[in-house]
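Right, one structure below, let's go through it.
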Amino acid sequence: MATNISEEIEEIDRKQNTEVANISEFPPEFLIKHPLQNTWTLWYYEPDRNKTWEESQREITSFDTAEDFWSLYNHIKTASELRQGSDYSMFKQGIRPMWEDDQNKCGGRWLINLEKKQRATDLDNFWLEILLCMIGEAFNEYSDDVCGAVVNVRTKGDKLGVWTSNADCADSVMEIGRKLKERLRITSKTTMGYQVHRDTMVKAGSQTKNTYTL
């Protein structure tokens, strides 16, 4: 059994190579993959005292078809199985999961805070639905404004964030938020907030204020 993320990715590659070797066993209609509109990259973060935060961000693999997404998703740990303090990030290829990236620095994120007990009931379902929304371009004409998403697994409560590129475009931000809340079936009793990255970067101890709420 694989013991870490890198070994799990190597197992996926071995299985894919085996599938290619046996490709003649399948009729042509089963060999056609379904391309995505964008190429997406999975990142994994695990805290390491000997590395900076940026150095601990590891680019795992990229995919551009629906089949390759499921191959990846089904062979790695779910979010709820990650070690405390770890993150998964999935961003469009070429965008790093950090505020300073050129595609992120003028944007922000819709943030969903989960209680500890929700790790067992909601975390994995929410994370998968967010990924499917992104790779399926479910935000309609505003899908281009979505940069990626991050799940933070933390002792006090997990967080899910969907990052967008332009915090000043209210129409885009709000429509993405509404679609997200609808797809995750988040009730009207639960408030979802949008935080601008530049506000998060300069905060000093206090919680970042929400620029938009739903």
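Taking a Cβ cut-off of under 13 Å around residue 157, the surrounding Lys, Arg, Asp and Glu residues balance to a net charge of +3, with basic ones at +1 and acidic ones at -1. Restricting the stretch 119-214 to trypsin sites (Lys or Arg not before Pro) that sit in a DSSP loop and have at most 10 other Cβ atoms within 10 Å of their own Cβ leaves 156, 185, 189.
Placing one equal scatterer on every Cα of the stretch 36-213 and applying the Debye formula, the log10 ratio I(q)/I(0) at q = 0.18, 0.19, 0.20 Å⁻¹ is -1.32, -1.50, -1.69. Under the combined filter of DSSP loop state and at most 10 neighbouring Cβ atoms within 10 Å, the stretch 59-154 retains these GluC sites (Glu not before Pro): 100.
Alpha carbon centre of the stretch 27-99 versus the stretch 106-163: separation in Å? The stretch 27-99 and the stretch 106-163 have Cα centres separated by 14 Å.
Ranking 192, 89, 52 by how far each Cα lies toward the positive end of the dipole of the stretch 36-213 (charges on Cβ) leaves 192 at the top. If the chain linking residue 174 and residue 38 were pulled fully straight, counting 0.36 nm for each residue of separation and taking away their Cα-Cα distance, it would gain 46.7 nm.
Only the coordinates and a few stated rules stand behind these numbers; no lab work does. Note that this is a predicted model, so its numbers are computed, not measured. As a convention, Cβ positions derive from the backbone with ideal geometry for all residues, glycine included, and neighbour counts pool all protein chains shown.
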